[in-house]
Amino acid sequence: MKVVKTIEELKKHIRDCKKTRKEIGFVPTMGYLHEGHLSLIKYAASENDFVVVSIFVNPTQFGPKEDYAEYPRDLERDISLAEKAGAHMIFAPATSEMYPKGYATFVEVERLTENLCGGSRPGFFRGIATVVTKLFHLVEPNRAYFGQKDAQQAIVIQRMVRDLNMNIEICACPIIRESDGLAMSSRNVYLSSEERHQALSLSQSLFCAKELILNGERDKQIILSDIHQKIASQPLAEIDYIEMVDSENLKEVEQVCGRILIALAVWFGKTRLIDNIFVEV
Ligand code: PAF
């Protein structure tokens with residue numbers, strides 16, 4: 001497997017792929033790969049001739065008080081895991097390669113980025129839309145793979161691709177969970193064993209909410225209060241948001257109708273976890 005660090009080298013390999021008409025599958029990541037990322041690489045490998053995985057902790061999507069410096073990194077481990085999962089090339093650029101001195105251009109997706117994680121992390125989706133646009137231009141993929149754990153991210157990218165007429169199929173793939181239900185995340189390594197135990201309330205409360213809805217409950221207040229109460233009863237949990245929104249436009253809904261997304265973000269100590277569930281009635 002090839003590991004490339006410069007844009008020039010990456011472009012050379014992409015040109016070769018295009019000459020030989022290979023279909024390119026792309027999995028953008030910030031590294032510290034877990035089973036969730038590996039499942040995306042496996043999907044990409046099953047649907048494309050050549051799979052590129054980017055590993056880049058993108059500074060523009062972190063706020064000044066967020067965990068950019070501490071974000072876990074282990075390139076050697078990532079290379080070996082990505083290769084086993086079916087990747088053909090890793091693109092792991094330095095920050096200066098992606099954002100050279102004088103860098104001044106950003107991509108903004110409006111409206112869809114105002115609430116949920118966009119509400120609590122100003123600038124987050126501007127940073128994501130910018131780096132993903134740059135990566136798409138460099139890798140020129142036929143298909144790109146995103147996890148549903150970051151449901152808002154996948155929806156924002158889908159809209160960006162549509163609005164900017166990028167000829168790329170966005171594939172949103174299911175959340176991968178630990179056997180006890182915790183959604184996989186690179187940030188799970190920050191959790192103490194007590195925090196990790198209490199964090200199970202996230203997936204458990206979402207599964208109960210789905211059950212409530214499937215049993216006929218439609219009222220947002222009742223459903224969100226139930227989730228709130230289950231999570232707030234964990235002494236180490238500090239709720240950032242719990243919201244129920246339309247799964248396409250991400251606007252708040254009062255009643256469950258059609259396909260909805262229930263999404264939440266909760267702090268455990270210095271670790272912010274997100275989780276969500278889609279429900280269709
Ligand atoms: O989901 C992530 O890991 C990041 O937001 C992404 C898409 C790689 C952009 O930096």
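Points to keep in mind about this one:
- The Ser233 and Glu66 beta-carbon pair, evaluated with R₀ = 25 Å, returns a calculated FRET efficiency of approximately 0.35.
- The stretch 147-251 shape via C-alpha gyration tensor axes, a/c threshold 1.5: oblate
- Other-chain or far-sequence residues with amide H under 5 Å of Val3's (modelled H): Ile90
- Cα gyration tensor category, rounded, prolate or oblate, for the stretch 205-281 with a/c compared to 1.5: prolate
- For the chain, calculated [θ]222 nm from helices alone, where every DSSP H run of n ≥ 4 adds -39500 (n - 2.57): -12000 deg cm²/dmol
- Cα centroid of the stretch 246-281 to Cα centroid of the stretch 28-74, whole Å: 22
- ³J(HN,Hα), Karplus 6.51/-1.76/1.60, whole Hz, each residue of the stretch 65-71, x for Gly, Pro: 9, 8, 8, 4, 5, 8, 3
- Tyr241 long-range amide H proximity, modeled H, under 5 Å: Ala265
- Available extension along the chain between Glu8 and Arg77 is 22.4 nm, counting 0.36 nm per residue and deducting the alpha carbon span.
- Acute angle (nearest 10 degrees) that the helix 75-85 long axis makes with the longest principal axis of the chain, alpha-carbon atoms: 90
- Evaluated with a Cβ-only charge set (Lys, Arg +1; Asp, Glu -1), the stretch 47-156 carries a dipole of roughly 220 debye about its Cα centre, given to the nearest 20.
- Förster-model FRET efficiency, 22 Å R0, Arg259 and Asp226, C-beta, rounded to 0.05: 0.65
- DSSP bridge analysis restricted to the stretch 53-208 gives an antiparallel fraction near 10%, rounded to the nearest 5.
- Total charge dipole magnitude, the stretch 135-281, about the Cα centre, Cβ charges on Lys, Arg, Asp, Glu only, Debye to nearest 20: 260
- Placing pseudo-labels 7 Å out from each Cα toward the beta carbon at Phe106 and Lys84 gives an inter-label distance of 3.9 nm.
- For the stretch 17-69, trypsin sites (Lys or Arg not before Pro) meeting the loop criterion (DSSP other than H, G, I, E, B) and having at most 12 other Cβ atoms within 10 Å: Arg21, Lys65.
- Close amide H pairs (under 5 Å, H built 1.01 Å from N) link Ser54 with Val27, Thr29, Phe91, residues at least 5 positions away or on another chain.
- Here the chain carries DSSP beta bridges of which approximately 55% are antiparallel, counting only pairs with both residues inside.
- Convex hull volume per residue for the chain, taking Cα atoms only, in Å³: 132
- Pairs over the 32 Å Cα-Cα cut-off, from the set Lys18/Lys84; Lys2/Lys270; Lys22/Lys270; Lys18/Lys65; Lys11/Lys270; Lys11/Lys149: Lys2/Lys270; Lys22/Lys270; Lys18/Lys65; Lys11/Lys270.
- The stretch 4-60 shape via C-alpha gyration tensor axes, a/c threshold 1.5: oblate
- Counting only Cβ charges, +1 for Lys and Arg and -1 for Asp and Glu, the dipole size of the chain around its Cα centre is about 1000 debye.
- Take 131-138, 249-256, 102-109, 89-96 and order them by the average number of nearby Cβ atoms within 10 Å per residue, most first; the result is 131-138, 89-96, 249-256, 102-109.
- Cut-off 15 Å between beta-carbons: net charge of the residues surrounding Phe146, Lys and Arg +1, Asp and Glu -1: +2
- Proximal lysines relative to Lys251, as straight alpha-carbon distance under 17 Å, when same-chain residues fewer than 8 apart are discounted: Lys220
- Selection from Ala263, Asn142, Ile128, by position along the positive dipole direction of the stretch 107-264 (Cβ): Asn142
- The HN-Hα couplings worked out from phi for the stretch 174-182 by the Karplus form 6.51 cos²θ - 1.76 cosθ + 1.60 (θ = phi - 60°) are x, 5, 9, 10, 5, 5, 8, x, 4 Hz, whole numbers, x standing for Gly and Pro.
- The string of couplings for the stretch 213-226 from the Karplus curve (6.51, -1.76, 1.60, θ = phi - 60°) is 5, 5, 8, x, 5, 10, 7, 4, 4, 5, 5, 5, 5, 4 Hz, one whole number per residue in order, with x for Gly and Pro.
Read the figures in this text as sums done on the coordinates, not as results from a lab. Worth saying up front: this structure is predicted, and the values here are computed from it rather than measured. Note: ideal-geometry Cβ built from the backbone for every residue, glycine included; neighbour counts use all protein chains shown.
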